[in-house]
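Since the structure comes first, as structure tokens, the remarks are kept for the end.
The values are calculated or read from the model by the stated rules, or taken from the named source; none is laboratory data. Remember, predicted model here, so these are calculated numbers, not experimental data. Quick reminder, even Gly has a Cβ in these numbers, built from the backbone with ideal geometry, and neighbours come from all protein chains shown. These accessible areas exclude ligands, DNA and RNA; they are computed on the full protein's heavy atoms, side chains included. Shrake-Rupley method; radii C 1.70, N 1.55, O 1.52, S 1.80 Å.
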Amino acid sequence: MSDITSTDVLIIGGGPTGLALACDLTRRGVACLLLERAARPAAASRAKTIQPRTLEVADDLGVIDRILELGATHVPTRLYDRDRVVSEKVEVAADATSPDAPYAPIWMSQPLLEGILRDRLAELGGRLEMGTQVTAVTQHHGGVTATVRTASGTRRVHARYAVGCDGGRSFVRQQIGVQLQGVSYTEHRWHLADVRVHGLEPGRQHLWTSPEHGILSLFPLPSTDIWQFQASIPADQADPPEPSLELLRHIFAERAAVPGVTITDADWLSLYRINVCLADRYRVDRVFLAGDAAHIHSPAGGQGMNTGVQDAYNLGWKLAAVLTGADAALLDTYEQERRPVAQAVLDDSTARLHAVMQAAGSSDGSSPHKGLTGDFTTGLTIGYPNSPLSQGPTAGGRAPDAPCKDASTRRTVRLFDLQRGPHWTLLSFGDHATDLPQATLPLRAYRITTDPSAAGPTTVIDIDGHAHRAYDALDGETVLIRPDGYIATRCPTHAVRDVLARALAPATAH
Ligand SMILES: Cc1cc2nc3c(=O)[nH]c(=O)nc-3n(C[C@H](O)[C@H](O)[C@H](O)COP(=O)(O)OP(=O)(O)OC[C@H]3O[C@@H](n4cnc5c(N)ncnc54)[C@H](O)[C@@H]3O)c2cc1C
């Protein structure tokens, strides 16, 4: 062993979950180190939907502009019956933005998102080591020690906490003795690949379904010349062959047969089996699991990567608070809040998978994309009403956005602009002054008024009443928003001193 590195948080695995966590911790000033086994970034397309709630997280992490630049909001689906076009439509959810939820789902392949997060991490001054594999994790009083292997040898890393973001086959999960409970849907198998396609109109997904063969989809990945090839394998096919370019061409000829189309350059050829599993625990002492390391689901509904990024976003501020003196019990709320969400995602994505396969097997030509969008998949309905951090009957819900006007500059300001950053946010509706206690953690307080002539540096004018409506708030009410954008509590503004002291206690240094 040549040397020893020390850090506060060791993050194992540089996929979307680990990268999001590293960005969040780094911007909070937490010393962290992200280790990734692969020497080079993964090129395989995998996930291609970024859901609205994840886009709100991306907004807070400072990467939304780049995502909107490289991703696509509208990718219509062209449905065929062999070589005949049956219909072309855009999923309704793509247009479903509103003043309180400003982002529609974005289509973007996973490697592009990972690249954006890597760039952001570098910009923030974060530490990522590629080509570094964790080969042992042990816990001892006050810390975690990982043994890591690189091309130049083996060394140890000491950390106060470690987070396994190392994917579905998680080595960290095995090291800490956590079991995955779940099922394999052996009847649902897919041939997947990244390919180039010549002769199909770009900018739309091309989709074939039949009772005999199932589903074939060719999806153009925005800002690349790559198409994602997905073909379901008939349930009665015993030993399906490993995919090859020849096999993909054969499947296309058999199911699609659109003249003049050629498929070339097949990469990431895989035979994918659907597993649906959940870790029985998310934490053993000082080691946490996040992302696919904690939950694996079917790709239906486009949830895996999104759920992982949101795990990271839930855990990041809590680790930062505990490292600066908050009660370590705050970290228990990570599993309490996120495991039920993963269970709900598992149930929903499994139901969607069955619906998709059933629709593809019917002879009425129904699109298997029916039911692929909906409120739950957007992530916007996720909340933590049963969390110990949610105080009061309406606490735990997502803190919505609203366009308002800055009373000083008279420019448009969104509530998300006020929340962006690592702080807590206090919104006091009406014209009452907020009598703030001396906050021991980063907290920003704003007054939200409907008075168009109001002035003041922390006053915001709710010109169209969007903020009052989104929060269902009456004048004289104050709402406390957590650093990850969920409502911690609400109370009469005159009582804010007492209520704040109680609500903030679990996250405050003692
Ligand atoms: C075909 C397909 C389609 C999908 N579609 C969607 C979709 O539409 N929407 C969606 O949200 N999700 C989708 N997913 C799921 C998504 O790809 C995963 O949920 C996502 O990759 C999980 O991210 P993660 O960071 O948790 O894990 P991973 O992306 O698996 O990253 C884990 C990282 O850890 C590294 N690692 C592993 N072991 C070690 C070690 N010992 N030391 C150091 N590093 C290690 C690995 O190299 C890897 O880079 C899809 C997946 C597939 C296969």
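Okay, residues lined up against (1) within 8 Å of the ligand (Cβ to nearest atom); (2) at negative phi; (3) modelled with pLDDT under 95:
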| site | (1), (2), (3) |
| --- | --- |
| Ile4 | no, yes, yes |
| Leu21 | no, yes, no |
| Leu33 | no, yes, no |
| Arg37 | yes, yes, no |
| Ile50 | yes, yes, no |
| Arg53 | no, yes, no |
| Asp60 | no, yes, no |
| Val63 | no, yes, no |
| Leu68 | no, yes, no |
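Scanning the range 60-85 for residues that are open to solvent by 90 Å² or more (accessible area, probe 1.4 Å) and assigned to a strand (DSSP E or B) yields a count of 1.
So that you can scan it fast, the table gives a plain yes or no per residue for (1) at pLDDT 75 or above; (2) in the same structural domain as Asn306 (by TED's automatic domain parsing); (3) out of contact with any helix residue (DSSP H, G or I) (no Cβ under 6 Å at 6 or more places or on another chain); (4) not in a loop (DSSP other than H, G, I, E, B):
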| site | (1), (2), (3), (4) |
| --- | --- |
| Leu353 | yes, yes, yes, yes |
| Ala359 | no, yes, yes, yes |
| Tyr384 | yes, no, no, no |
| Ser387 | yes, no, no, no |
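Evaluated against (1) farther than 19 Å from Glu337 by Cβ; (2) touching a residue at least 24 places away in the same chain (Cβ under 8 Å), Ile487 falls short on exactly one condition, (1).
Scanning the range 444-497 for residues that are under 25 Å from the mean Cα position of the chain (by Cα) and open to solvent by 30 Å² or more (accessible area, probe 1.4 Å) returns a single hit, Ala470. Scanning the range 145-193 for residues that are open to solvent by 70 Å² or more (accessible area, probe 1.4 Å) and touching a Lys or Arg at 6+ places or on another chain (Cβ under 8 Å) turns up Arg160, Ser184, Thr186.
Figure legend. Inter-residue proximity from the range 26-50: first residues assigned by TED's automatic domain parsing to the domain that holds Ala146, second residues near the ligand (Cβ under 9 Å from one of its atoms) and part of a loop (DSSP other than H, G, I, E, B), beta-carbon distance below 6 Å, spacing 6+ or different chains. Indicated pairs: Leu34/Gly14; Leu35/Thr132; Glu36/Gly14; Thr49/Gly302.
Across the range 223-261, the qualifying residues are those that are open to solvent by 20 Å² or more (accessible area, probe 1.4 Å) and touching a Gly at 6+ places or on another chain (Cβ under 7 Å), and the one among them that is modelled with the lowest pLDDT is Pro234. Answer yes or no as to whether Asp327 is among the charged types (D, E, K, R), more than 24 Å from His213 (Cα to Cα) and either at pLDDT 90 or above or outside the structural domain of Asp311 (by TED's automatic domain parsing) (or both). Yes.
Within the range 166-176, does at least one residue satisfy the condition of being within 15 Å of the ligand (Cβ to nearest atom), aromatic (Phe, Trp, Tyr) and assigned by TED's automatic domain parsing to the domain that holds Val9?
The initial filter retains those residues of the range 166-176 that are within 15 Å of the ligand (Cβ to nearest atom), namely 166-176.
Next, only the ones that are aromatic (Phe, Trp, Tyr) stay: 171.
Right, trim to assigned by TED's automatic domain parsing to the domain that holds Val9 and you get 171.
Taking every residue of the range 166-176 in turn, at least one turns out to be within 15 Å of the ligand (Cβ to nearest atom), aromatic (Phe, Trp, Tyr) and assigned by TED's automatic domain parsing to the domain that holds Val9.
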